[in-house]
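Everything on this sheet refers to the single structure shown next.
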Amino acid sequence: VARPLELIGYTVTRLTADDLTAEKLHALDAVIIGIRAFNVRGDLAARLSVLFAYVEAGGTLIAQYNLAQGLAPDWLAPFQMRISRRRVTDEHAPVTILAPDHPALTTPNRITDADFKDWVQERGLYFPEQWDERFTPILATGDPGEDPLQGGLLIARHGRGYFVYTSLSWFRQLPEGVPGAYRLFANLVSLGK
């Protein structure tokens, strides 16, 4: 999602393992962990404590989906969550807003049902199936004939900051220029600001 964010005016810094220090992270408004990053970058797990300290100090950490295979239940979040292989493949699947007054849905953009129109290929994948009570599920969506899944966007306060886990398919929506996806992602990046 880095290039689409740059195209709308964000300054994006690609972080290496050496950049994951308290001093370097302090200057960033948000840190975004890419899809499957923990599945392919062995250096990230050793830096989790630094990332969580960044959140506690007021930062926003957005983790996109990862595969649970080979990872412990506490591998990514400051609180427990268990990832499943469940997904929502129908890009037109209805979305229910569960927390309409949450800052992720109000600031700077008021997110409504209209923001979930024109999504492409799917809603999301590898939704968490269990999570700590400190997480707030923000949305629910499900394929026709299936129960809606509530783990596509989970947000927890941790210290003065926010930890976000999202299974939504940003890597498909942002390159396709889906307006509602941009509006919602901008809200996530803006949490606490």
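The values are calculated or read from the model by the stated rules, or taken from the named source; none is laboratory data. All values derive from a computational prediction rather than experimental measurement. Cβ coordinates were reconstructed from backbone atoms using ideal geometry, including for glycine residues, and neighbour counts include every protein chain displayed. Each accessible area value is taken on the protein alone, full model and side chains, heavy atoms only, with ligands, DNA and RNA left out. Shrake-Rupley method; radii C 1.70, N 1.55, O 1.52, S 1.80 Å.
Put simply, of A2, A17 the only residue that is under 17 Å from the mean Cα position of the chain (by Cα) and loosely packed, with under 14 Cβ neighbours inside 10 Å is A2.
Would you be able to say whether some residue in the range 168-183 is of a type outside the set (V, I, T), part of a loop (DSSP other than H, G, I, E, B), more than 22 Å from E6 (Cβ to Cβ) and touching a helix residue (DSSP H, G or I) at 6+ places or on another chain (Cβ under 8 Å)? Let's see the steps before the verdict.
Taking the range 168-183 and keeping what is of a type outside the set (V, I, T), we get 168-177, 179-183.
Add one more test, that the residue is part of a loop (DSSP other than H, G, I, E, B), and what stays is 169, 174-177.
With more than 22 Å from E6 (Cβ to Cβ) added as a condition, the list becomes none.
No, the conditions are met nowhere in the range 168-183.
Scan F127, F185, F163 and give me the residue that is crowded, with 23+ Cβ neighbours inside 10 Å, more than 20 Å from M81 (Cβ to Cβ) and aromatic (F, W, Y). Of the residues listed, the single one that is crowded, with 23+ Cβ neighbours inside 10 Å, more than 20 Å from M81 (Cβ to Cβ) and aromatic (F, W, Y) is F185.
Considered as a group, the residues in the range 53-87 that are at pLDDT below 95 and farther than 22 Å from F171 by Cβ include one that is surrounded by the most Cβ atoms within 10 Å (Cβ to Cβ), and that residue is P78.
Only one of the numbered conditions (1) surrounded by fewer than 21 Cβ atoms within 10 Å (Cβ to Cβ); (2) part of a strand (DSSP E or B) is not met by I155, and that is (1). Restricting attention to the range 96-107, does a residue exist that is under 27 Å from P175 (Cβ atoms), in contact with a Phe, Trp or Tyr (Cβ under 9 Å, 6 or more places away or on another chain), crowded, with 19+ Cβ neighbours inside 10 Å and in contact (Cβ under 8 Å) with a residue 40 or more places away in the chain? Within the range 96-107, one or more residues are under 27 Å from P175 (Cβ atoms), in contact with a Phe, Trp or Tyr (Cβ under 9 Å, 6 or more places away or on another chain), crowded, with 19+ Cβ neighbours inside 10 Å and in contact (Cβ under 8 Å) with a residue 40 or more places away in the chain.
Okay, residues lined up against (1) more than 17 Å from the chain's Cα centre (by Cα); (2) assigned to a loop (DSSP other than H, G, I, E, B); (3) in contact (Cβ under 8 Å) with a residue 24 or more places away in the chain:
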residue	(1), (2), (3)
L28	no, yes, yes
F52	no, no, yes
V55	no, no, yes
A63	no, no, yes
L76	no, yes, yes
R110	yes, yes, no
W119	no, yes, yes
E122	no, yes, yes
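Scanning the range 130-142 for residues that are touching a strand residue (DSSP E or B) at 6+ places or on another chain (Cβ under 8 Å) and open to solvent by 20 Å² or more (accessible area, probe 1.4 Å) gives Q130, W131, D132, R134, T136, P137. For the range 39-50, the candidate set comprises residues that are part of a helix (DSSP H, G or I) and open to solvent by 60 Å² or more (accessible area, probe 1.4 Å); within that set, the residue that is farthest from R157 (Cα to Cα) is V40. Filtered by the rule that a residue be out of contact with any Phe, Trp or Tyr (no Cβ under 8 Å at 6 or more places or on another chain) and surrounded by fewer than 15 Cβ atoms within 10 Å (Cβ to Cβ), the range 25-38 gives A27, D29.
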